[in-house]
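The values are calculated or read from the model by the stated rules, or taken from the named source; none is laboratory data. None of the values given here were measured: they were computed from a predicted structure. Reconstructed Cβ throughout: ideal geometry from the backbone, glycine too, with neighbour counts over all protein chains shown.
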Amino acid sequence: MLESIFRGTFRYTRVVSVPETTQQGVAVFTPRAPGCIDYNEQGFYDLNGQTFTYYQHQCFKIEENRFSIIRYNGSLLHVFECPSVLKFPHTFYHTHPCLDDQYALKMTLQSAEAFETLYTISGPTKNYTMHTVFVRE
């Protein structure tokens, strides 16, 4: 079921708390091999009168009872346990440390056409949130 959700093109809006910005862009999920889906994101935001662009690439690895998000360099970023039957809405949670900070991800699948993520980053060097809403084109 996750393969059918994480497929195709999504528009997104992301609100970052610090510095306060709203980002917009396009995320494209492309099957690469069985159980492996490339995620490519490209977007932009305005800050202090300037427009900035950004890009990120990850891999979504889908297995029978879990799925993982893997960084562009091949290192593991998130692991989620999957229920045998997925009903909407469904929320996945994962927390991991990055040096002295904690990254908590809450991913909610609203439907096969929309999902959202909420990152809460906290620690001695970082304290902010990123809330992103993805809607299929």
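Yes or no: the range 72-93 includes at least one residue that is modelled with pLDDT of 95 or more and among the small types (Gly, Ala, Ser).
No, there is no match, as no residue in the range 72-93 is modelled with pLDDT of 95 or more and among the small types (Gly, Ala, Ser).
Restricting to the range 1-46, give me the number of residues that are out of contact with any Asp or Glu (no Cβ under 7 Å at 6 or more places or on another chain), of a type in the set (D, E, K, R) and closer than 20 Å to Glu64 by Cα.
Residues in the range 1-46 being out of contact with any Asp or Glu (no Cβ under 7 Å at 6 or more places or on another chain), of a type in the set (D, E, K, R) and closer than 20 Å to Glu64 by Cα: 3 in total.
Condition test on Asn40, is it touching a His at 6+ places or on another chain (Cβ under 7 Å) and either under 23 Å from Ile5 (Cα atoms) or not small (Gly, Ala, Ser) (or both)?
Considered against the rule, which asks whether it is touching a His at 6+ places or on another chain (Cβ under 7 Å) and either under 23 Å from Ile5 (Cα atoms) or not small (Gly, Ala, Ser) (or both), Asn40 comes out as yes.
When you go through Phe67, Phe60, Phe29, Phe92 one by one, which is the residue that is surrounded by 11 or more Cβ atoms within 10 Å (Cβ to Cβ), in a strand (DSSP E or B) and touching a helix residue (DSSP H, G or I) at 6+ places or on another chain (Cβ under 7 Å)?
The match here is Phe67.
Could you figure out which of (1) closer than 21 Å to Gly8 by Cα; (2) surrounded by fewer than 12 Cβ atoms within 10 Å (Cβ to Cβ) isn't true of Val133?
(2)
Go through the range 32-52 residue by residue and tally those that are under 21 Å from Asn73 (Cβ atoms) and part of a strand (DSSP E or B).
Residues meeting the conditions: 10.
Looking at Lys126, Lys106, Lys87, which one is surrounded by 14 or more Cβ atoms within 10 Å (Cβ to Cβ), without any contact (Cβ under 8 Å) to a residue 40 or more places away in the chain and not in a strand (DSSP E or B)?
Matching residue, one of Lys126, Lys106, Lys87: Lys126.
Among the residues in the range 5-16, are any among the basic types (Lys, Arg), closer than 20 Å to Glu113 by Cβ, at pLDDT 95 or above and not in a strand (DSSP E or B)?
Scanning the range 5-16, I find at least one residue that is among the basic types (Lys, Arg), closer than 20 Å to Glu113 by Cβ, at pLDDT 95 or above and not in a strand (DSSP E or B), so the answer is yes.
How do the pairs read when you match residues in the range 66-79 that are under 19 Å from Leu118 (Cα atoms) with residues anywhere that are of a type in the set (Lys, Arg), using Cβ under 8 Å and keeping only pairs 6 or more apart or on different chains?
So the pair list comes out as Phe67/Lys61; Ser68/Lys61; Ile69/Lys61; Ile70/Lys61; Leu77/Arg71; Val79/Arg66.
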